[in-house]
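Data first, discussion second: the structure below is written as structure tokens.
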Amino acid sequence: MAITARSLLAATVWLAAVSAQVAMLMYLMGAETVAVIELSVGAGLVTVLFVFAISTAGEETTEPAHTSSTYGVIAATIAIITTTLLAWMILPIPEAAETVSAAGLTFAQTLWQQRSLDTLLQIVLISAGAMAVLGLISTTRDSRSTHEQAETPASHSDNTARSNSKPHGEVELPARADRPTQEETV
Amino acid sequence: MTTGPLGIVFAGALVLLGISWYGLFVTRNLIKVVLVLQVMVKAALLLLVAAGNASGEINLSQSFALTVIVADTIVAVVGLALAVQVHRRTGSLDVTTLSRLKG
């Protein structure tokens, strides 16, 4: 339903439902910590991000009208073949092990001692995500200021040439020097 | 091969992976492409935790899953920011409009 829904908002709500279901299965399999994180991040934060992006970019329900039936059949065939190959690789499924951890380490010990490099990687990723969020927010700010500055002539020569070649509403922001950069904002 | 609860989880995750794989082929809306990628990563997460449960290393698989969740969220944020930028410059979210871009 998340994939076949025509409305983007409906698809986002279905994605949140899938995330909640995945979190429930994780909890049942004994991964309580990750289940809570998945529920809060997958069903909460990501849904809010999608709704924000849809409200910024607008809702376009152009598909699947453009998709021809032949293309759909080919896509389904490829998907079935690859999934069958993957299932053939990972089967037979072993029985669930009784021991929680061979080394006897808790989740916190595993994360901070064995996988400390992953933690550093997560810090880097979160920094990149903060930059991307700033880019997403500044996009809406740019689109508002673009309409205001489209009337006035641009001072920078390169941007002026680019602005003249584009229709109204799609011009680039002429000068960025008056605004702080993303690094300065962080 | 077990037919217990773990087998059902494995089968369900594989079906979810196949559906998202199909969706990645037929989807043309940029925001929906990011959404389908999210579904695909959720299937992979489910397989990861199920594998950890099967091998008895659930804590190790949890730490891996945590890294995957963080990376998945960042991918969603960057993808959505790119989609909004593309919509701002081309006026459309259709991926076929990107083929007309010139460097």
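The values are calculated or read from the model by the stated rules, or taken from the named source; none is laboratory data. These numbers come from a predicted model, not from an experiment. Here Cβ is always computed from backbone atoms with ideal geometry, including for glycine, and neighbour counts include all displayed protein chains. Note: accessible area is taken over every heavy atom of the protein model, side chains too, but ligands, DNA and RNA are not part of it. Shrake-Rupley method; radii C 1.70, N 1.55, O 1.52, S 1.80 Å.
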Only one of B:Val9, B:Val34, B:Val41 that is at the interface with another protein chain (Cβ under 7 Å from one of its Cβ atoms) and in contact with a helix residue (DSSP H, G or I) (Cβ under 7 Å, 6 or more places away or on another chain): B:Val9
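Please state which one of A:Ala20, A:Ala35, A:Ala53 is more than 10 Å from chain B (Cβ to nearest Cβ) and of a type in the set (A, V, I, L, M, F, W, C). Write out each step before concluding.
Working: A:Ala35 fails: more than 10 Å from chain B (Cβ to nearest Cβ); A:Ala53 fails: more than 10 Å from chain B (Cβ to nearest Cβ).
Criteria check complete, one pass: A:Ala20.
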Pairs with Cβ under 6 Å, 6+ apart, first in segment A:21-42 and hydroxyl-bearing (Ser, Thr, Tyr), second surrounded by fewer than 21 Cβ atoms within 10 Å (Cβ to Cβ): A:Thr33/A:Phe107
Close pairs (6 angstrom Cβ cut-off, 6 or more residues apart or separate chains): more than 18 Å from B:Leu66 (Cβ to Cβ) and among the aromatic types (Phe, Trp, Tyr) in segment B:32-43, assigned to a helix (DSSP H, G or I) and open to solvent by 10 Å² or more (accessible area, probe 1.4 Å) anywhere: none
Test for B:Ala65: is it facing chain A (nearest Cβ under 7 Å) and either open to solvent by less than 10 Å² (accessible area, probe 1.4 Å) or outside any helix (DSSP H, G or I) (or both): yes
In segment A:1-40, the residues that are assigned to a helix (DSSP H, G or I), of a type in the set (S, T, N, Q) and either open to solvent by less than 50 Å² (accessible area, probe 1.4 Å) or in contact with a helix residue (DSSP H, G or I) (Cβ under 6 Å, 6 or more places away or on another chain) (or both): A:Thr12, A:Ser19, A:Thr33
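Going by what's in this entry, would A:Ala43 be described as open to solvent by less than 80 Å² (accessible area, probe 1.4 Å), at pLDDT 85 or above and more than 7 Å from chain B (Cβ to nearest Cβ)? Show your work before the answer.
Numbers: open to solvent by less than 80 Å² (accessible area, probe 1.4 Å): yes; at pLDDT 85 or above: yes; more than 7 Å from chain B (Cβ to nearest Cβ): yes.
Yes, satisfied.
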